[in-house]
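A short worksheet on the structure shown next.
Coordinate-derived values only; no laboratory data. Keep in mind that this is a model prediction, so the values were computed, not measured. Cβ: placed from backbone, ideal geometry, glycine included. Neighbour counts: every protein chain shown.
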Amino acid sequence: MKRSNAPVYWSLFGAGGMLSALVAPGLVIVVMSGRLDYANAFAIARNPLGKAFLFAVASLFLWHAAHRIFHTLHDFGIRTGVLAWILCYGVALAGTLVAASALLRIGF
C-alpha cells in the first residue's frame with residue numbers, strides 16, 4: 001500500500017486557514033491604524049517570538065494559498081497534473097525559504 005503525503009499539505013492548509021481567519025483581521029487593523037511604523041515592525045522582527053510569529057504567518061498563509069489555488073484549478077476544470085502541483089507548492093516552499101532567510105538576516 002502506497003503512503004500519501006496529502007495529510008502534510010492538508011495540515012498546512014488547515015493551519016494557514018485558521019491563522020488567516022484569526023490573525024489577518026487583527027493585522028489589517030494594526031497596519032491601517034498607523035501604529036505599526038518601521039521602528040516597531042523592526043523591533044518585532046528582531047525579537048525571537050516576533051520572528052516565530054512572522055515566519056508562521058508568512059509561511060502558513062503561503063501554504064494555505066497554494067493548496068487553495070491547486071484545488072481551485074481542479075474545480076475550474078483545469079488539468080492539475082505534476083506541473084500545477086510543482087508550481088503551486090513550489091512557490092509556497094520558495095516563499096517560506098525567502099521568509100526564513102529574510103528573518104534570519106535581520107538578526108536578534
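Each of LEU49, LEU73 was scored by other Cβ atoms within 10 Å of its Cβ. Listed from fewest to most, they are LEU49, LEU73.
Of all trypsin sites (Lys or Arg not before Pro) in region 48-87, which ones are in loop regions per DSSP and have a Cβ with at most 11 other Cβ atoms within 10 Å? Display every interim value, and only then the final one.
Working: sites: LYS51, ARG68, ARG79; in loops: ARG79.
Within region 48-87, the qualifying trypsin sites (Lys or Arg not before Pro) (loop, at most 11 other Cβ atoms within 10 Å) are ARG79.
Shape analysis of region 47-108 yields a ratio of the Cα radius of gyration to the Kirkwood radius, Rg/Rh, of 1.13. Its relative contact order, with pairs defined as Cα atoms under 8 Å and 6+ residues apart, puts the chain at 35 percent. Compared with the dominant Cα axis of the chain, that is its longest principal axis, helix 6-33 is turned about 30°. Sorted from longest to shortest, the spans of the Cα atoms of the chain along the three principal axes equal 50, 27, 22 Å.
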